[in-house]
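Trainee: Can you keep this structure in mind? I'll have questions shortly.
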Amino acid sequence: MDRVVRVGKPKPAPRPSFWRRHGRVILGLGITALLIQDVFGTHGFLALRQSQREIEQLRQEIAQINAENKELTEQVKGLKSDPKLIERIAREEMGLARPGEKIFKLPGDGKK
């Protein structure tokens, strides 16, 4: 059998498609954009850390308010049931006295 050999210009190789040429760059840019969004976005890592700090601060405020409420509740119970406490407040803050007692108010020493 005879072989035919062509002489002349070689046929150019087919040009790679757009995705073959630029696929890695596009994929890299997409992954980079997603990472930036995960760190700096509105629901990203930095926003999450800020929210956690705010939650901890609010928990501390709640604990402080609960302690204050407990203290005030104890004061209310005392005012409702402790006659000596009621009498002390009536004497000191309201200037009341028992029948037959006299109250003498002395001028203050000028300190405020």
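The values are calculated or read from the model by the stated rules, or taken from the named source; none is laboratory data. Because the structure is predicted, anything quoted here is derived from the model rather than measured. Reconstructed Cβ throughout: ideal geometry from the backbone, glycine too, with neighbour counts over all protein chains shown.
Trainee: Taking residue 18, is it out of contact with any Gly (no Cβ under 7 Å at 6 or more places or on another chain), surrounded by 10 or more Cβ atoms within 10 Å (Cβ to Cβ) and of a type in the set (Phe, Trp, Tyr)? Write out each step before concluding.
Mentor: On the way: out of contact with any Gly (no Cβ under 7 Å at 6 or more places or on another chain): yes; surrounded by 10 or more Cβ atoms within 10 Å (Cβ to Cβ): no; of a type in the set (Phe, Trp, Tyr): yes.
It is false that residue 18 is out of contact with any Gly (no Cβ under 7 Å at 6 or more places or on another chain), surrounded by 10 or more Cβ atoms within 10 Å (Cβ to Cβ) and of a type in the set (Phe, Trp, Tyr).
Trainee: Name the residues in region 7-37 that are part of a loop (DSSP other than H, G, I, E, B) and not aliphatic (A, V, I, L, M), would you?
Mentor: Of the residues in region 7-37, the ones part of a loop (DSSP other than H, G, I, E, B) are 7-17.
Within region 7-37, 8, 9, 10, 11, 12, 14, 15, 16, 17 qualify.
Residues are listed down the side, and each one gets a yes or a no for (1) within 29 Å of the chain's Cα centre (by Cα); (2) exposed (fewer than 10 other Cβ atoms within 10 Å of the Cβ):
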residue: 36; (1), (2): yes, no
residue: 59; (1), (2): yes, no
residue: 74; (1), (2): no, no
residue: 84; (1), (2): no, yes
residue: 90; (1), (2): no, no
residue: 93; (1), (2): no, yes
residue: 99; (1), (2): no, yes
residue: 102; (1), (2): no, yes
residue: 105; (1), (2): no, yes
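Trainee: Mind checking which pairs have a first residue in region 95-107 that is at pLDDT 80 or above and a second that is exposed (fewer than 10 other Cβ atoms within 10 Å of the Cβ) and assigned to a loop (DSSP other than H, G, I, E, B), Cβ under 8 Å, 6 or more apart or different chains?
Mentor: 97/103
Trainee: Among 61, 71, 54, which is part of a helix (DSSP H, G or I) and within 30 Å of residue 91 (Cβ to Cβ)?
Mentor: Criteria check complete, one pass: 71.
Trainee: Does any residue of region 38-49 turn out to be more than 23 Å from the chain's Cα centre (by Cα), outside any helix (DSSP H, G or I), of a type in the set (Ser, Thr, Tyr) and loosely packed, with under 10 Cβ neighbours inside 10 Å?
Mentor: Initial filter on region 38-49 (more than 23 Å from the chain's Cα centre (by Cα)): none.
No.
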